[in-house]
Amino acid sequence: MSCNARERTRKGERYHVGALPVVPFAPALAAAYPAGSVRARRDFAQLLALIGAHAILCHARRGKRTEAGAVVAAPEDYAAVVSIR
């Protein structure tokens, strides 16, 4: 392995996320989300996954994690995901 490859590996390990992201406001979203159809329930799961993915991508700027090492999503992550439409 070359020095550059080792350095990239070390940098990648520094940003490794140890656990799934936590979306603390998921119950409030679920209460407001229409879940009348199978598609709506599937779309909600995808929404939470996108919020979590955005939180992981932006965690270096925020640094908020649980004791287990999971990244904690913020309302800003929800706003960013909803604006993608």
_Scan of region 47-84 for residues that are free of Cβ contacts under 8 Å to residues at least 12 places away in the same chain and under 13 Å from A26 (Cβ atoms), ordered by number_ = A49
*Could you check how many residues of region 58-75 are surrounded by 14 or more Cβ atoms within 10 Å (Cβ to Cβ) and farther than 10 Å from P21 by Cβ?*
3
*Just to be sure, is V17 touching a helix residue (DSSP H, G or I) at 6+ places or on another chain (Cβ under 6 Å), at pLDDT below 90 and surrounded by 14 or more Cβ atoms within 10 Å (Cβ to Cβ)?*
yes
_Looking at L47 and the list (1) surrounded by 14 or more Cβ atoms within 10 Å (Cβ to Cβ); (2) farther than 17 Å from R85 by Cα, which single condition is not satisfied?_
(2)
*Looking at region 51-83, which of its residues are out of contact with any helix residue (DSSP H, G or I) (no Cβ under 8 Å at 6 or more places or on another chain) and among the hydrophobic types (A, V, I, L, M, F, W, C)?*
A53, I56, L57, A60, A68, A70, A79, V82
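The values are calculated or read from the model by the stated rules, or taken from the named source; none is laboratory data. Because the structure is predicted, anything quoted here is derived from the model rather than measured. Here the Cβ is made from the backbone with ideal geometry for all residues, glycine too, and neighbour counts use every protein chain on show.
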